[in-house]
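Everything on this sheet refers to the single structure shown next.
All of the numbers you see were taken from the coordinates with simple rules; none came from a lab. Everything quoted here is computed from the prediction, not taken from an experiment. Don't worry about glycine lacking a Cβ; one is built from the backbone with ideal geometry, like all the others, and counts go over all protein chains shown.
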Amino acid sequence: MSSTSAPGKIDENAVPGGIASGEHRYHFAIDIDGEFAIFTLDTHGQVETWNAAAEHITGYGASEILGKPFSVLYPTVSADVAVPSDILARAVTTGRAYYEGWHARKDGTRFWASVLVIAQRREQGDLAGFAAVTHDYSQRHLIEAKLRRSEQRLQAMIDSVEDYAIFMLSPTGEVASWNTGAQRIKGYSAGEIIGRHFSVFYPPEARAAGLPERMLETASTQGRSEAEGWRIRSDGSRFWADAIITPIRDEKGALRGFTKVTRDLTEHKRLEQLEHVGELAAATERAREEEKKRIARELHDDLGQRLTALKMTAVILQQEVEAGHYNPETAAQARGLVAQTDDTMSAVRRISSALRPTMLDDLGLLPAVEWLADEFSRRYGIKVNTRLSAGELEFSDTAATAIFRIVQEALTNVARHACATEVVVTIELENNECEVRIDDNGLGAAPASCDKPVSFGLLGIRERVRQLNGFAWLGNKPDGGFRVQCRFPIDAIVRR
Ligand SMILES: Nc1ncnc2c1ncn2[C@@H]1O[C@H](COP(=O)(O)OP(=O)(O)O)[C@@H](O)[C@H]1O
Ligand SMILES: [Mg+2]
């Protein structure tokens, strides 16, 4: 406001619909602010008073404009310009009229402005004239035009993005805009998808779990939500996507909708899987080497020793026989020879069973697990309880081998790492699942040792479980000891 401002007067006279009587209405023409052109018109619409801002904005000096019609302030009438006489007529009938649009300067240039025209009446009620306030918006108009242009540029940029689906959702999740990337990634054209609920992008299981609603809920309460998972294209095919949803709010904070940016990570996911396969192949190779080493050791240390002893007994017997000795001692040696041969044979059986227990093929999984438990107990002196109540189930060969190996690996770990005195092996059916559990009462694993990258034991268990669509939990029990727990959907493990 300038130093000559007199806001009190303005309050008195410029209140819309305010009644000014007689001479008072001329006080209206006070220069309150450089921005407002304030002037009065007589009942015919001719300019009666004029302020400095009016001169500044329009270029007309007071002497030039006084007595001229109000219409000189408007460009020659065209479609986008108001008819000045309409504005006055409206002010006469309703008390006031507001117009925002093009105005004309003295030099003929246009400017964007608002005008509020107030009809002024005498106490008797007859028209005394009009008071008008004009605000020059050309600056604002330019800014808005600039904003519109930059919005258009932003929209054009969003439209042309191909690698990201960028679109807007209504507050309830209906698609409100669409870009080229969205069309490329999801397969819908704008016409097909705008107005439909965005849950069509989610697979049935995610929809059933309420994921789309949860995404909006989280975005609106926490300012953002992000999720990675399988999504559905318009042709029904799946793609792996990462999506971020952010809320759009107006100046008062009310939710106006959401923006959603989705990236297609299918290729990325495939590479990740390939990497996983690569790692697994390397781990398998290492495990195979380990296994060969173990067999070589057993053949050398166990079977080799027995064969050496057998040979020594046989040589002594041969010498005795060649010397013509047939006495009780020779008979005992011959019996020893037979016993050692039996031992050796059972060692061969044990070693070969560890490689592929024939029991698994001949008797089935549960008896093979019983045998494994017996063997283990005998060999390591650790008590094993078996609770095998899945007898009615006919396991597929793949499942039987996998479960046998899981139990075998878990027991080997108990012997190697647990310092346990007792193990419980459970295989039971529950609802539509089969649970395999190996619990020991040992020391448990040190933190993080379960995901040692170089060891294949627990990793192998996880991998076998994964291949049968199951879940595996490996770790310490709250009451001490270690637990290997696997759960398989029955569908995935029965013989078909
Ligand atoms: N029953 C168990 N009790 C204690 N620690 C265990 C048990 N099973 C596994 N672990 C820990 O988990 C680690 C990883 O096991 P695993 O992958 O089989 O590798 P490895 O047996 O070759 O060490 C073991 O080194 C051990 O520290
Ligand atoms: Mg191991």
Taking the square root of 5 times each eigenvalue of the Cα gyration tensor, what semi-axes in Å does the equivalent ellipsoid of the range 386-466 have, largest first?
24, 16, 10
With label points built 7 Å along Cα→Cβ from the Cα atoms of Leu66 and Asn327, find their separation and express it in nm.
16.0 nm
Do you know the Lys pair count in the chain for C-alpha distances under 23 Å, with sequence separation 8 or more or different chains?
9
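Using only helices, what value at 222 nm comes out for the chain when you add -39,500 (n - 2.57) per DSSP H run of length 4 or more and divide by the total residues, to the nearest 500 deg cm²/dmol?
Values: 17 runs with 213 residues, N = 496.
Rounded to the nearest 500, the figure is -13500 deg cm²/dmol.
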In bins 5 Å wide, starting from 0, what share of all Cα pairs of the range 108-216 does each bin hold, as a percent?
2, 9, 12, 12, 11, 8, 7, 7, 7, 6, 6, 5, 4, 2, 1, 0
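May I ask you to list, by number, the DSSP H helices of the chain whose Cα span along the axis is at least 20 Å and whose average Kyte-Doolittle hydropathy reaches -0.5 or more?
On the way: long enough: 138-160 (32 Å, -0.98); 266-297 (46 Å, -1.40); 304-322 (26 Å, 0.11); 328-355 (41 Å, -0.15); 365-380 (22 Å, -0.13); 397-413 (24 Å, 0.38).
Span-like helices here: 304-322, 328-355, 365-380, 397-413.
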May I ask you to order 285-296, 466-477 by the average number of other C-beta atoms within 10 Å around their residues, highest value first?
466-477, 285-296
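Quick one: net charge of Arg335's neighbours, Cβ under 12 Å, K/R +1, D/E -1? Walk me through the intermediate numbers first.
Values: positive: none; negative: Glu329, Asp342.
My count for the surroundings of Arg335 gives -2.
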Would you compute the Debye intensity of the range 357-496 from its alpha-carbon atoms alone, equal scatterers and no solvent, and pass along log10 I(q)/I(0) at q = 0.14, 0.22 Å⁻¹ to two decimals?
-0.60, -1.47
Rounded to 5, the percent of DSSP beta bridges in the range 357-496 classed as antiparallel:
80 percent
Using Cα pairs under 8 angstrom and six or more residues apart, how large is the relative contact order of the range 73-180, in percent?
15 percent
Along the three principal axes, how long is the range 161-264 when you take its alpha carbons, biggest first, rounded to the nearest angstrom?
40, 28, 21
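Using DSSP, restrict attention to beta bridges with both residues in the chain and report what percent are antiparallel, rounded to the nearest 5. Display every interim value, and only then the final one.
Working: 75 of 81 bridges.
The answer is about 95 percent antiparallel.
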With the crude spin-label approximation of a point 7 Å out along Cα→Cβ, what separation in nm comes out for His268 versus Arg140?
4.5 nm
If we count every other residue with Cβ under 11 angstrom of Leu147's Cβ, Lys/Arg +1 and Asp/Glu -1, where does the sum land?
+3
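Kindly give Rg over Rh for the chain, based on alpha-carbon atoms, with the Kirkwood expression for the hydrodynamic radius.
On the way: Rg = 46.1 Å, Rh = 32.5 Å.
Rounded to two decimals, Rg/Rh equals 1.42.
Is the range 199-250 best put as rounded, prolate or oblate by its Cα gyration tensor, with a ≥ b ≥ c the root eigenvalues, rounded for a/c under 1.5, and otherwise prolate when a/b is larger than b/c, oblate when not?
Details: a/c = 2.35, a/b = 1.93, b/c = 1.22.
Verdict is prolate for the range 199-250.
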Dimensionless Rg/Rh of the range 284-355, both radii on Cα and Rh by Kirkwood, sits at 1.20
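Note the full-extension length gain between Asp86 and Cys419 as 0.36 nm times their separation in residues minus their Cα-Cα distance, in nm to one decimal. Working shown, then result.
Details: separation 333, 0.36 × 333 = 119.88 nm, distance 10.01 nm.
Extending this stretch completely gives an extra 109.9 nm.
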